[in-house]
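So the structure is just underneath, and the comments pick up after that.
The values are calculated or read from the model by the stated rules, or taken from the named source; none is laboratory data. Just so you know, these numbers come straight off a predicted model, no measurement behind them. Using ideal geometry, Cβ is built from the backbone for each residue, glycine included, and neighbour counts are taken over all protein chains shown.
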Amino acid sequence: MNHDASLSAPARRARGGVLLGLAALGLAGALFVLRRPLMMSAPRCLAGRWHGCYDTFNGVVLMTLVTLPPAVLVAWALARRRRDAVGAATARRISLADVGMVHGTVPFLWLTMMPGAAPGTAPARVSLVPLRDLVTMGPLGIVGNLLVFAALGAFAPMRFAAVASLPRILALGAGCSALVETAQYVLRLDRVSSVDDVLVNAAGAVLAGLASRRWWRAPSRGSAHTPATCPAA
């Protein structure tokens, strides 16, 4: 029995309002905590300067927050366009998934591909011993690595029925992370390509997938599934 179908329309709206309110409170809390470092990058970002904005953590976070309202409008417009073809509920789900995968993943890819102090001149470094680098990441590093493909793990199974299982989400997160680590090595960005990054990135995708499991897209019998791919940065 579909639990969502058994709920009345007012109950669904109330639940949606509560979730939206919690999300707004969380965003407001994050803005309050990060207000000072974000404001330091704001003048350069507003002036369109690359150095000091797009090549810094604070600048990328600020631009991610600035582009959040346009992303919400894009999801709303996509849902309106699709609702006659697939129904209002499905249109909202897949439109949110489309925008969420991109908006929630591209900033983290941008951060992971930022070069270190000596790009192009420092030797490429690889760490293939599992769990060796994990102890040096620290809590902030572990949380950041968990979030890199969290949006992909949460929204991909909502959009693509072919990914709607934990092993496939794990494979998707690990595969995308391995591509990023390989790119860091090939481009010689003065970053360490670590197997622990792949493990933590994949774990973050799986945890996010578990959180969104009730909204996954159910596979239809006899239909061809569209394969999911890593969002392009």
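The table below lists the values:
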quantity	calculated
Some residue of the stretch 211-221 being part of a helix (DSSP H, G or I), modelled with pLDDT of 95 or more and either at positive phi or under 16 Å from the mean Cα position of the chain (by Cα) (or both)	no
Only listed residue being part of a helix (DSSP H, G or I), more than 17 Å from His103 (Cβ to Cβ) and modelled with pLDDT under 70, chosen from Leu19, Leu25	Leu19
Unique match (being free of Cβ contacts under 8 Å to residues at least 24 places away in the same chain and surrounded by 15 or more Cβ atoms within 10 Å (Cβ to Cβ)) among Ala75, Ala79, Ala97, Ala85	Ala79
For Arg44: the one exception among (1) surrounded by fewer than 17 Cβ atoms within 10 Å (Cβ to Cβ); (2) charged (D, E, K, R); (3) free of Cβ contacts under 8 Å to residues at least 24 places away in the same chain	(1)
Selection from the stretch 86-98 of residues that are within 18 Å of Ala161 (Cα to Cα), assigned to a helix (DSSP H, G or I) and not hydroxyl-bearing (Ser, Thr, Tyr)	Val86, Ala89, Ala91, Arg92, Arg93, Ile94, Leu96, Ala97, Asp98
Of the criteria (1) closer than 19 Å to Arg36 by Cα; (2) in contact with a helix residue (DSSP H, G or I) (Cβ under 7 Å, 6 or more places away or on another chain), which one Val66 fails	(2)
Single unsatisfied condition, Pro107 versus (1) in contact with a Ser or Thr (Cβ under 9 Å, 6 or more places away or on another chain); (2) without any contact (Cβ under 8 Å) to a residue 40 or more places away in the chain; (3) of a type outside the set (S, T, N, Q)	(2)
Tally, over the stretch 118-135, of residues that are surrounded by 11 or more Cβ atoms within 10 Å (Cβ to Cβ) and in a helix (DSSP H, G or I)	1
